[in-house]
Amino acid sequence: MKLNLEKLNGYSVLFIQVERIDAHNSGDLKEYILDMIEQGEVNIIVQLERVRFIDSSGLGALLSGYKNTAARSGKLALSNLQPQVLSMFELTRLNRVFEIYADLDEAFASES
Amino acid sequence: MCSSDIQVDLIIPTKTKYLDLIGSIGERIGKDLETFTGDREALAYHLNLVLTEATINAIKHANYDNPEDTVRIVIQIQENAVIIKVYDHGQGFDLESVPLPDFEHLKENGMGLFFIKSLMDSVTYTRQNGCNVLEIIKYLK
């Protein structure tokens with residue numbers, strides 16, 4: 001899976017560079033995030049602007065990252081969700097679990 | 001797309017790389033369903049998702065001892081409904097015994113069948129002629 005990682009405002013911002021997250025590539029995403037956490041990067045924002053489609057395994061990969069950052073007193077937040085992608089979080093009520101921001105500026109502002 | 005019946009019949013190897021192809025066909029069908037008066041963008045996403053989840057479910061339940069195993073997916077477009085049938089050759093499972101996700105303590109898996117049941121109108125899983133068939137119906141109200 002094509003991903004870009006940038007350090008911005010003290011956060012590890014993970015830009016997902018694919019349009020589709022499904023059971024074919026969600027395992028890669030899950031492992032990448034777990035590797036980040038293992039290396040001590042526990043304040044993560046996943047930027048999903050390019051993602052048009054996510055399935056249950058993609059939600060599971062993000063939830064895994066959320067739980068593992070929380071276990072290390074960090075957090076994993078989400079930004080720039082497209083409406084249909086957001087609707088998957090709403091259907092599973094994961095929108096109550098994750099902090100979801102309209103964009104990165106809003107995510108950074110919420111912490112300042 | 002006209003209202004006469006159309007059937008798309010696909011057979012794929014039990015490999016996840018084909019999920020995109022199967023889902024994309026569903027999305028394209030949803031976008032072109034002129035008889036559907038609701039939110040066609042949402043329907044297109046839902047058909048993509050349901051086909052993706054049903055196909056991965058069949059791949060997971062497939063016969064791992066046989067690398068030549070396949071999953072067959074049939075999509076029928078009728079005037080008032082889209083009918084999806086996904087055939088696998090595995091051991092099968094009891095659809096009714098699959099619990100709803102615990103929303104207060106969501107796990108990383110187990111949401112796929114919940115999506116199918118919540119977004120579609122009818123879901124059955126039966127054994128027919130040596131195959132398991134997951135049949136999903138979406139009425140185009």
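The values are calculated or read from the model by the stated rules, or taken from the named source; none is laboratory data. Nothing here was measured: the structure is a model prediction, and the numbers come from that model. Heads up, the Cβs are rebuilt from the backbone with ideal geometry, glycines too, and the neighbour counts pull from every protein chain shown. For accessibility, only protein heavy atoms count, side chains too; no ligands or nucleic acids. Shrake-Rupley method; radii C 1.70, N 1.55, O 1.52, S 1.80 Å.
Structure notes:
- Residue B:21-residue A:18 FRET efficiency (beta carbon distance; Förster radius 22 Å; 0.05 resolution): 0.90
- The stretch B:1-116 - Debye-derived log10 I(q)/I(0), Cα point model, q = 0.19, 0.20, 0.24 Å⁻¹: -1.06, -1.12, -1.34
- Stokes-Einstein diffusion of the stretch B:1-44 at 20 °C, 1.002 mPa s viscosity, Kirkwood radius from Cα pairs, rounded to a whole number: 181 µm²/s.
- Chain B and chain A together bury an accessible surface of about 2100 square angstrom, both sides counted, with a 1.4 Å probe and no ligands or nucleic acids included.
- Taking Cβ atoms as reference points and 13 Å as the exclusive limit, the residues near residue B:11 contribute a net charge of -1, counting Lys and Arg as +1 and Asp and Glu as -1.
- Computed over the protein assembly as shown, Kirkwood Rh from alpha-carbon pairs, angstrom: 19.2
- In this simple spin-label approximation, residue A:105 and residue B:78 carry label points 7 Å from Cα along the Cα→Cβ vector, and these lie 5.2 nm apart.
- For the Cα trace of the stretch B:54-141, dividing Rg by the Kirkwood Rh returns an Rg/Rh value of 0.99.
- Taking only the C-alpha atoms of chain A, the Rg (one decimal) and the largest Cα-Cα distance, Dmax (whole number), read 12.6, 37 Å.
- Here chain A exposes an accessible surface that is 43 percent carbon and sulfur, computed with a 1.4 Å probe and the other protein chains kept in place.
- Cleavage-rule hits (chymotrypsin sites (Phe, Trp or Tyr not before Pro)) in the stretch B:38-141: DSSP loop, at most 13 neighbouring Cβ within 10 angstrom: B:64
- Cα-centre dipole for chain B with unit charges at Cβ (Lys and Arg positive, Asp and Glu negative), debye to 20: 120
- DSSP bridge orientation in the protein assembly as shown - percent antiparallel, rounded to nearest 5: 75
- Loop trypsin sites (Lys or Arg not before Pro), the stretch A:21-74, which have at most 14 other Cβ atoms in a 10 Å radius of their Cβ (DSSP): A:50, A:72
- Under DSSP loop assignment and at most 11 Cβ neighbours within 10 Å, longest GluC sites (Glu not before Pro)-free interval of chain B: B:80-141
- The sum of -39500 (n - 2.57) across all DSSP H runs of n ≥ 4, divided by the residue count of chain A, sets its helix-only mean residue ellipticity at 222 nm to -12000 deg cm²/dmol.
- Approximate spin-label separation residue B:96-residue B:137, in nm, with each point projected 7 Å along Cα-to-Cβ: 1.8
- Compared with its chain on its own, the stretch B:14-43 contains the following residues whose accessible area drops by 20 Å² or more in the full protein assembly (probe 1.4 Å; ligands, DNA and RNA excluded): B:16, B:17, B:19, B:20, B:27.
- With all protein chains kept in place, the per residue accessible area of the stretch B:6-139 amounts to 49 square angstrom at a probe of 1.4 angstrom.
- Pairwise FRET efficiency - residue B:122 versus residue B:42, Cβ, R0 = 22 Å, nearest 0.05: 0.75
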